[in-house]
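**Student:** Just dropping this structure here.
What follows is calculated from the coordinates using simple rules that are stated; it is not laboratory data. This is a predicted model, so every value here is computed, not measured. We place every Cβ from the backbone using ideal geometry, glycine too, and count neighbours over all the protein chains shown.
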Amino acid sequence: MITVKAFAQVREVVGKETWQVAGAHNQTVADVLDNLCELDSRWRAAMDDELLVAVNHTMRDSSFTVNDGDEVAFFPPVTGG
Amino acid sequence: MFARVSDTDFNQQRLYDELVAGCAASPGGIVTFTGLVRDFNDNGKIDGLSLEHYPPMTEHAMRSLAEQAISRFALTNAGIVHRVGHLSNFSQIVWVGCAASHRASAFDAACYIMDTLKTAVPLWKKEFQNGTGHWVKAKASDADASLAWMKDNDR
């Protein structure tokens, strides 16, 4: 399984912070997002705004390969400081 | 080096003392920056804000940033503390300290850490206005400032 985390506006749009999706061979971040959209249409709404991605706590892009057991986080551009 | 997320207020003198105590060599200059919660945004007065973060990643990203600054600017030490949770107007929100042999490096490193933190550390502000919370949008000027450090490795 892949654990998916959603933060800030993304969490509010999709309704909860933690999700689980099935892991598959050679799956990319974009594939994980497609699976989430099939699971719950609110993920499509979350994609209306710019999304950043982290895999195992490191920023990645949508072509990055995700493995079973990874943690993938989706969130908006950051606004700390 | 230290990099911490805190859900309580911080004491600037204690952080300064911690920075000095952890210096790898005697510094010739120390620059500190403290960010405060403003009481307004582009739409008028605000009534505090809350800060959400991604716990395992936030301190990891802050530690990486402090280590990069130490390496890039030959610092003798660096520290970053960022608060999370609900903060009222004028509260301290972030502290950065940079110690170096010469002041230029310390000033540059403090700017580098703040500019990069605003685009690379997973923290999100929600401001409260007239009883309603609004997520703060990332500013293009912050992205430009961070990008400038990537393009200008000689600074």
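**Student:** Calculate, for B:His86 and B:Ser26, the FRET efficiency according to 1/(1 + (r/R0)^6) with r their C-beta to C-beta distance and R0 45 Å; round to the nearest 0.05. Present the calculation step by step, with values, prior to reporting the outcome.
**Tutor:** Numbers: r = 40 Å, r/R0 = 0.89.
With a Förster radius of 45 Å, E is 0.65.
**Student:** Where does the protein assembly as shown land on Rg/Rh, using Cα atoms and the Kirkwood Rh?
**Tutor:** Computed over Cα atoms, the ratio is 1.00.
**Student:** Among all lysine pairs in the protein assembly as shown that are eight or more places apart or on different chains, how many have alpha carbons less than 23 angstrom apart?
**Tutor:** Close lysine pairs found across the protein assembly as shown: 22.
**Student:** Still on this structure, I have one more. Would you mind pulling out the separation of the Cα centroids of region B:1-75 and region B:95-121, in Å?
**Tutor:** About 9 Å separates the Cα centre of region B:1-75 from the one of region B:95-121.
**Student:** With +1 on the Cβ of every Lys and Arg and -1 on the Cβ of every Asp and Glu, and nothing else charged, how large is the dipole of region A:2-75 about its Cα centre, in debye rounded to the nearest 20?
**Tutor:** Details: 6 positive and 13 negative charges, 31 e Å.
The calculated dipole for region A:2-75 is roughly 140 debye.
**Student:** Give a residue-ordered list of calculated ³J(HN,Hα) values for region A:21-38 (Karplus: 6.51 cos²θ - 1.76 cosθ + 1.60, θ = phi - 60°; whole Hz; x for Gly, Pro).
**Tutor:** 10, 5, x, 9, 5, 6, 7, 9, 4, 4, 5, 4, 5, 4, 4, 5, 5, 6
**Student:** Long-range amide H contacts for A:Leu52: which residues qualify at under 5 Å (H placed 1.01 Å from N, peptide plane, sequence gap of 5 or more or a different chain)?
**Tutor:** Counting only residues 5 or more places away or on other chains, the set is A:Phe75.
**Student:** Also, quick follow-up: What dipole magnitude, in Debye to the nearest 20, does the protein assembly as shown give about its Cα centre under +1 on Lys/Arg Cβ and -1 on Asp/Glu Cβ? Write down the numbers at each step before the final one.
**Tutor:** Numbers: 21 positive and 30 negative charges, 118 e Å.
Its charge dipole is roughly 560 debye.
**Student:** Taking +1 at the Cβ of each Lys and Arg and -1 at the Cβ of each Asp and Glu, which of B:His102, B:Asn77, A:Gly80 sits farthest along the dipole of the protein assembly as shown towards its positive end, judged by Cα position relative to the Cα centre?
**Tutor:** Comparing the listed Cα positions along the dipole, B:His102 ranks first.
**Student:** So who's got an amide H within less than 5 Å of the one on A:Gly23, skipping anything under 5 residues away but keeping other chains? H placed 1.01 Å off N, in plane.
**Tutor:** Sorted by chain and number, the residues that satisfy this are A:Ile2.
**Student:** Here's a follow-up. Across peptide A:70-76, how many C-beta atoms of other chains are within 10 Å of each residue C-beta, on average?
**Tutor:** Neighbouring Cβ atoms belonging to other protein chains average 3 per residue here.
**Student:** While we're here: Taking amide H atoms as placed 1.01 Å from N in the peptide plane, list the residues 5 or more away in sequence, or in a different chain, whose amide H sits under 5 Å from that of A:Gly80.
**Tutor:** The answer is B:Leu123.
**Student:** Per DSSP H run of n ≥ 4, the term is -39500 (n - 2.57); total these for the protein assembly as shown, divide by its residue number, and report the mean residue ellipticity at 222 nm rounded to 500 deg cm²/dmol. All intermediate terms of the calculation are to be shown ahead of the outcome.
**Tutor:** Values: 7 runs with 82 residues, N = 236.
Taking each H run of at least 4 residues, the total per residue is -10500 deg cm²/dmol.
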